[in-house]
Amino acid sequence: MQYYSLKHQAPSVDFRAATIAGQAPDGGLYFPESIPKFSPELLRTLKTLPKAELALQVMQPYVGDTIPTAELARICAETVDFPFPVVPVTEQIAALELFHGPTLAFKDVGARFMSRCLGYFSRHQTRRVTVLVATSGDTGGAVANGFLGVEGVEVVILYPSGKVSPVQERQLTALGQNIRALEVQGDFDDCQQLVKQAFTDSAVTSHLTLTSANSINVARWLPQQLYYLYAWQQWQHPEPPVVAVPSGNFGNLCAGLLAYVSGLPVRHFVAACNANDAVATYLRTGDFTARAAVATLSNAMDVGNPSNFTRILELFAQNHTTISQLIHGCSVSDQTTSATIEQVYQQTGYLLDPHGAVAFQALSEFLQTRPEQHGLFLETAHPVKFPEVVEPLIGQAIALPDSVHALMQQPKRSTLLKPRYEALREYLLSS
Ligand SMILES: *Cc1c(COP(=O)(O)O)cnc(C)c1O
């Protein structure tokens, strides 16, 4: 499989080169030159295939011969080594719970897959690869955890001091091994700026093999389609599901669309957004206007100019009619998000996180006029990650899962860093 740049000013590359580079040199996102169709055999046996075997069959055509099958089988098995249960919430709606991975967020799957691919690609290099990332909280935890113990890879992660939640901070600082946390005395923008500068500093890039592990990397994006297949394996109704996806950068939804184009039965997609509704507006009107992001309760979806929107357009040849017939867009306010968490908990006992709540609400609105249909929404994070939002709404504390409880007992290890590039430079050159 070859990947071309959506800006069309860079050569096509294989999966290995696309994974190592992250972004094409012309600044475009990489896109597969063809979308493989699931074979009739795969579709027939889909419901009974073990998770890891299914992952291997789906990922193999995208990876091509850049990773031998036995290695890829191991990578897939390690990536999906936790449950993805479909849990009924109401008569019409079920949750696809994607928060049973090590950092309690759905980004674990993409991060684990990418880290293991990079680990494989750097295995025969004499120099270790250094992954340099800035995080505002969630993504960094999944990336750090994904790379934990992966041979040949060092991770240096920058986060804003005092601006991540206690659970998130432990997920960044308590891992040890090949993961080092730099606690920056500034905000997230400072962290991002420092990282950007390091990538353009030839003294640093000749000293270390740097890579970025960012969210548009094909090795993080492509494996997300597995969620939709695992949901289908557990789907009990005769008609395919309506699937609602809480969306920010639209990587997750776009991966679901890939599975659909490959042959997975889905009745309709619902793109569930918070106040950052550029794509929802596009679906309604055909006009796309990027805006500055606004802060909401579902903060992992606070994206004003979603990078994967161009991938969605590409997948359907820029055809607004096709796209808007398949995907229904919906924007949910913070007020409605809070009310949804409260009501769903009172009426069903199911506790939503703010991101899942946006998707649940968008799905219920969609199904209201379609009483004979059934749907599922992707519950992308565990509510315990957002206690300051959720606990006041339900009037009680959320119990920490055992894995988090154990992590909270570990000592925090971080290096304080002034928000000045010289400080980061010195740190990197001395490592
Ligand atoms: C990243 C994230 C999202 C948004 O996913 P995209 O692929 O960026 O659309 C939704 N919920 C949670 C909890 C996230 O961390």
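The values are calculated or read from the model by the stated rules, or taken from the named source; none is laboratory data. Keep in mind it's a predicted model, so treat the numbers as computed, not measured. Positions of Cβ are generated from backbone atoms using ideal geometry, with glycine treated the same way; all protein chains shown enter the neighbour counts. Ligands, DNA and RNA are excluded from the accessible area calculation, which covers all protein heavy atoms including side chains. Shrake-Rupley method; radii C 1.70, N 1.55, O 1.52, S 1.80 Å.
Ordering 402, 277 by accessible area with a probe of 1.4 Å, largest first, what comes out?
402, 277
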With the cut-off at 1.5 for a/c, could you classify the stretch 208-349 from its C-alpha gyration tensor as rounded, prolate or oblate? rounded
Set Lys and Arg Cβ to +1 and Asp and Glu Cβ to -1, take the dipole of the stretch 83-207 about its Cα centre, and tell me which of 206, 143, 176 lies farthest positive. 206
Given pairs 51/107; 37/385; 7/418; 7/47; 7/37; 51/412 and cut-off 28 Å on Cα-Cα distance, the over-length ones are 37/385; 7/418; 7/47; 51/412
What shape does the stretch 319-431 have by the C-alpha gyration tensor, where a ≥ b ≥ c are the square roots of the eigenvalues, rounded means a/c under 1.5, and otherwise prolate means a/b greater than b/c and oblate the rest? oblate
What trypsin sites (Lys or Arg not before Pro) in the stretch 256-303 are in a loop by DSSP, with at most 16 other Cβ atoms within 10 Å of the Cβ? 267, 291
Inter-part distance where the stretch 45-105 and the stretch 202-233 are each reduced to a Cα centre, Å: 16
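When you count, for each residue, the other Cβ atoms within 10 Å and take the mean per peptide, how do 174-180, 424-430, 114-120 rank with the highest first? All intermediate terms of the calculation are to be shown ahead of the outcome.
On the way: 174-180: 18.4, 424-430: 15.7, 114-120: 24.4.
Per-residue mean Cβ counts within 10 Å order the peptides as 114-120, 174-180, 424-430.
I need to check one value: relative contact order of the stretch 142-194, counting alpha carbon pairs closer than 8 Å and at least 6 residues apart, in percent.
Numbers: 67 pairs, mean separation 23.4, N = 53.
Here the relative contact order equals 44 percent.
Taking the solvent-accessible surface of protein heavy atoms with a 1.4 Å probe, what is the per residue accessible area of the chain in Å²? It would help to have the intermediate numbers written out before the result.
Numbers: 17240 Å² over 431 residues.
About 40 Å² of surface per residue is accessible.
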Percent RCO, i.e. relative contact order, over the chain, from Cα pairs under 8 Å lying at least 6 residues apart: 18
Describe numerically, in nm with one decimal, the distance between label points set 7 Å from Cα along Cα→Cβ at residue 74 and at residue 302. 4.1
Given the options 256, 286, 248, which has the most mean-square fluctuation in a GNM of the chain, springs set between C-alpha atoms less than 10 angstrom apart? 286
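Let me check I have the definition right: for the chain, take the eigenvalues of the Cα gyration tensor, multiply each by 5, take square roots. What are those semi-axes in whole Å, largest first? Mind showing how you got there, number by number?
Details: eigenvalues 206, 139, 89 Å².
For the chain, the ellipsoid semi-axes come out as 32, 26, 21 Å.
Estimate the FRET efficiency between residue 399 and residue 346 by the formula 1/(1 + (r/R0)^6), using the beta-carbon distance for r and 30 Å for R0, to the nearest 0.05. List each step's numbers first, then the result.
Details: r = 19 Å, r/R0 = 0.62.
Approximately 0.95, to the nearest 0.05.
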Classify the stretch 14-151 as rounded, prolate or oblate from the Cα gyration tensor: take a ≥ b ≥ c as the square roots of its eigenvalues, call it rounded if a/c is under 1.5, otherwise prolate when a/b beats b/c and oblate if not. oblate
Loop only per DSSP, at most 13 neighbouring Cβ atoms within 10 Å: give me the GluC sites (Glu not before Pro) in the stretch 65-127, ordered by residue number. 91
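Give me the percent of the accessible area of the stretch 175-225 that comes from carbon and sulfur atoms, probe 1.4 Å, all protein chains in place.
On the way: 900 of 1930 Å².
Roughly 47 percent, rounded to a whole number.
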Students often check this: by mean Cβ neighbours within 10 Å, which of 130-136, 292-298 ranks highest, and how do the rest follow? 130-136, 292-298
